[in-house]
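Asker: Structure provided below as C-alpha cells; questions to follow.
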Amino acid sequence: MQIQVYYEDTDCGGIVYHTNYLKYCERARSQWFFDSNLLPNNQEVGFVVKNMQIDFLQSAKLGDKLQIHTKILQLKSASVLLEQSIFLGHKKIFFATLTLVCLNQKGKITKIPQWAKEVFIKAQKNV
C-alpha cells in the first residue's frame, strides 16, 4: 500500500508525527479487508492489537511517498502475528511486529472466522 505524507501528518518541522506510522500500518491491514469487500469488524467479530514491538529507523517528511508492506508470520486459531515495514524508496524507515487477536462482540477472544482467515490468506498470496 502506498501513502503520501500530507501536512496534517507532520509536526511544524515537516516530520511525520510518530503515531501516524501506526495509522499507516492500520490502513494497510484494513485495506486487506476492503479489497475483499469486507470490513475488519462487523456484528460478529473484530480485531485488536494485543501487542506491538516497534523500531523507528528514520523519519519521513512532508510530501514523501511511503510503501507499507505487511507479512503474515503466523496465523493461529484466534490470533495472527504480523510484520509491518514502511519504506521510503528502497530504505526501510519503520518496522513493527504485532499480534492481532480476534474478539467477539462481548470483548472475549474468539476463533477467527473462516471468512476472515480467507482474507489473510488471500492478502499473503498477493505479497
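Asker: Do you know which of the residues in segment 1-10 that are within 19 Å of K92 (Cα to Cα) and part of a loop (DSSP other than H, G, I, E, B) is most open to solvent (accessible area, probe 1.4 Å)?
Answerer: M1
Asker: While we're here: In segment 48-106, which residue that is small (G, A, S) and touching a Cys at 6+ places or on another chain (Cβ under 8 Å) is nearest to K125 (Cα to Cα)?
Answerer: Quick first cut of segment 48-106, residues small (G, A, S) only: 59-60, 63, 77-79, 85, 89, 96.
Keeping just the survivors that are touching a Cys at 6+ places or on another chain (Cβ under 8 Å) gives 78-79, 96.
Values: A78: 20, S79: 19, A96: 20 Å.
Applying the filter and picking the extreme gives S79.
Asker: Can you name every residue in segment 77-97 that is open to solvent by 50 Å² or more (accessible area, probe 1.4 Å) and under 17 Å from P40 (Cα atoms)?
Answerer: S77, L81
Asker: Can you run down the residue pairs with Cβ atoms below 7 Å, 6 or more apart or on separate chains, where the first is in segment 28-39 and free of Cβ contacts under 8 Å to residues at least 24 places away in the same chain and under 22 Å from F87 (Cα atoms) and the partner is among the polar types (S, T, N, Q) and open to solvent by 30 Å² or more (accessible area, probe 1.4 Å)?
Answerer: No pair meets every condition.
Asker: Do the conditions hold for L73, that is, is it open to solvent by less than 40 Å² (accessible area, probe 1.4 Å) and assigned to a strand (DSSP E or B)? Explain how you work it out, then say what you get.
Answerer: Values: open to solvent by less than 40 Å² (accessible area, probe 1.4 Å): no; assigned to a strand (DSSP E or B): yes.
No; evaluated as a whole, the condition is false for this residue.
Asker: Can you tell me how many residues within segment 29-73 are closer than 22 Å to Y17 by Cα and touching a Pro at 6+ places or on another chain (Cβ under 9 Å)?
Answerer: So the count comes out to 2.
Asker: Of all residues in segment 76-123, which are in a strand (DSSP E or B) and free of Cβ contacts under 8 Å to residues at least 40 places away in the same chain?
Answerer: Within segment 76-123, S79, L81, E83, S85, F87, L88, K91, K92, I93, I109 qualify.
Asker: Scan segment 11-35 for residues that are of a type in the set (K, R) and surrounded by 14 or more Cβ atoms within 10 Å (Cβ to Cβ) and report the count.
Answerer: Filtering segment 11-35 down to residues of a type in the set (K, R) leaves 23, 27, 29.
Pick out the ones that are also surrounded by 14 or more Cβ atoms within 10 Å (Cβ to Cβ) and you get 29.
Within segment 11-35, residues that are of a type in the set (K, R) and surrounded by 14 or more Cβ atoms within 10 Å (Cβ to Cβ) number 1.
Asker: Tally time: how many residues in segment 38-70 are in a loop (DSSP other than H, G, I, E, B), open to solvent by 40 Å² or more (accessible area, probe 1.4 Å), touching a strand residue (DSSP E or B) at 6+ places or on another chain (Cβ under 8 Å) and aliphatic (A, V, I, L, M)?
Answerer: 2
The values are calculated or read from the model by the stated rules, or taken from the named source; none is laboratory data. Because the structure is predicted, anything quoted here is derived from the model rather than measured. Cβ: placed from backbone, ideal geometry, glycine included. Neighbour counts: every protein chain shown. Accessible surface is based on the protein model in full, side chains and every heavy atom, while ligands, DNA and RNA are left aside. Shrake-Rupley method; radii C 1.70, N 1.55, O 1.52, S 1.80 Å.
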